[in-house]
1. If SER358 satisfies all but one of (1) surrounded by 18 or more Cβ atoms within 10 Å (Cβ to Cβ); (2) touching a strand residue (DSSP E or B) at 6+ places or on another chain (Cβ under 9 Å); (3) of a type outside the set (Val, Ile, Thr), what's the number of the condition it fails?
2. Here are the criteria: (1) under 18 Å from ARG343 (Cβ atoms); (2) modelled with pLDDT under 80; (3) of a type in the set (Lys, Arg). Tell me which single one LYS437 does not satisfy.
3. If you check LEU178, LEU199, which single one turns out to be assigned to a helix (DSSP H, G or I) and in contact with a helix residue (DSSP H, G or I) (Cβ under 8 Å, 6 or more places away or on another chain)?
4. Please go through region 34-54 and give me each residue that is in a helix (DSSP H, G or I) and of a type outside the set (D, E, K, R), ordered by number.
5. It is to be established whether one or more residues within region 112-119 are under 14 Å from PHE197 (Cα atoms) and either surrounded by fewer than 19 Cβ atoms within 10 Å (Cβ to Cβ) or within 32 Å of the chain's Cα centre (by Cα) (or both).
6. Is region 224-245 home to any residue that is among the hydrophobic types (A, V, I, L, M, F, W, C), assigned to a loop (DSSP other than H, G, I, E, B) and modelled with pLDDT under 95?
7. Based on this model, can you work out whether GLY83 counts as touching a residue at least 40 places away in the same chain (Cβ under 8 Å) and among the small types (Gly, Ala, Ser)?
Amino acid sequence: MENKFIIYNTMTRRREEFAPLNPPFVGVYVCGPTVYGDAHLGHARAAITFDVLVRYLRYLGYRVRYVRNITDVGHLTNDSDNGDDKILVKAKLEQLEPMEVVQHYTNSYHKNMEQLNNIPPSIEPHASGHIIEQQELIKKILEHGYAYEINGNIYFDVESYNRKYDYGKLSGRKVEELYAATRTLDGQQEKHNPADFALWKKASPEHIMRWTSPWGEGFPGWHLECSCMSQKYLGEVFDIHGGGLDLQFPHHECEIAQSTAAYGHEAVRYWMHNNMITVNGQKMGKSLGNFITLDQLFTGDNEVLEQAYSPMTVRFFILQAHYRSPLDFSNEALKAAERGYERLMSAVETLGKITPSSDGTVNVAELSNKFHEAMNDDMNTCILMSYLFEGVHTINSIAAGKEKIDAQNLIALQKLYHDFVFDVLGLRAESSCGDSKNKEVLGKVLDIVMETRNEAKKNKDWATSDRIRDNLNAAGVKVKDTKDGYEWEILN
């Protein structure tokens, strides 16, 4: 088996074999949240996508420095250079200090990430903690002639940059089209061109979040922070930059321009973007008012939800689709994910109880090759899931005595599922104390019922035996005879 990890590079629009700059070290930078509200399902998809990327790179033996930022200043309400800072808006509404808002929603985000079993980043820098570095980056861009100052504001000069480089190469946009499509907003007439973007904004008298700079008191532009912090912690050139597809333009396009203008070369070797969560085909987002927070998903406290969904059900739901494909929300899809997750976890539990035979017919190497091929194929968790359930069928056949497995292959199969289910996909077994207790009681009741059924079978009273089985099935409990007794599961 060739162990080549292929990823789709958004910049080149090609599938490329991953070759890190300085193996075995890999630098990964992912755009984190703007912390002015609770994380929603769309945030979960980006976080889980790049969590699995980091997990798989580490599984392949790479030493990964994973940097995910926190945006706590400079992200304005209309995602451009106009309007109020999103955190300031929230702070005024709640009558809090801006950093109270930041801390509250950062804590909430961390809690949700832990619930989803996402590994924490190696470094989690805040934009507000890197003001000096951002000012130094602006100075470099000014010195190289790709920015200009007007009234205490510093704007990136897109036209000047585009004479030498290619602004729009990531998203496929042309500068001429941007000029035609970009409307001039109030307060932006001072720009040389409407496509120019802010590196530094002069603070109005009522603006609370402000810092001293060579250009007067102000605050950095939204795009600047990622150029600054990614290269501070990963170097002038690093391996992978990730984020949601909605960040491709303008945010990531502006990052490329800033880094190239400052250093004379691009910073990122592989760009990776996950697609969106949609609701009835429309992107899920706060600005559209159609988002569902993770806390609401976990509690069921939203009118569009028919029930609560556990963090692992949500994770399983997201992993069922390839990260570059759109994923449409529905209660039916989440319920199906819940059933699939429970079936997979049940099989993993069964796998731990199997006794090996002296010989066997199961060859784990073929299944292992399929698992690796799926993940090496641009991290195709969708195909990996299908192979996992192919293996589930084998596991259940072994447990039922229909197939045999020797000790060596059993150990290999147990390790394979542990590696890919838990370490790579990041799933984990979950159950509340109440659920465990209820399941324990139900198990004892079933033992009594099945004892009666076994007596009926011994007496060749097949009608009673079948009636007990059918009644249990009608009540939502499926029982299956095995060579060691019986197994049962709750039907959904």
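1. Going through the list (1) surrounded by 18 or more Cβ atoms within 10 Å (Cβ to Cβ); (2) touching a strand residue (DSSP E or B) at 6+ places or on another chain (Cβ under 9 Å); (3) of a type outside the set (Val, Ile, Thr), SER358 breaks only (1).
2. Only one criterion is unmet by LYS437, namely (1).
3. Going through LEU178, LEU199 in turn, just one is assigned to a helix (DSSP H, G or I) and in contact with a helix residue (DSSP H, G or I) (Cβ under 8 Å, 6 or more places away or on another chain): LEU178.
4. LEU41, GLY42, HIS43, ALA44, ALA46, ALA47, ILE48, THR49, PHE50, VAL52, LEU53, VAL54
5. No: zero hits.
6. The first filter runs over region 224-245 and keeps only residues among the hydrophobic types (A, V, I, L, M, F, W, C), leaving 224, 226, 228-229, 234, 237-238, 240, 245.
Still in the list and also assigned to a loop (DSSP other than H, G, I, E, B): 237.
Subset that is modelled with pLDDT under 95: none.
Among the residues of region 224-245, not one is among the hydrophobic types (A, V, I, L, M, F, W, C), assigned to a loop (DSSP other than H, G, I, E, B) and modelled with pLDDT under 95, which makes the answer no.
7. no
Yes/no per residue for (1) assigned to a helix (DSSP H, G or I); (2) in contact (Cβ under 8 Å) with a residue 24 or more places away in the chain:
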| site | (1), (2) |
| --- | --- |
| VAL314 | yes, yes |
| ALA321 | no, yes |
| ALA337 | yes, yes |
| THR350 | yes, yes |
| THR355 | no, no |
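The values are calculated or read from the model by the stated rules, or taken from the named source; none is laboratory data. Keep in mind the model is a prediction, meaning the values are calculated, not measured. Using ideal geometry, Cβ is built from the backbone for each residue, glycine included, and neighbour counts are taken over all protein chains shown.
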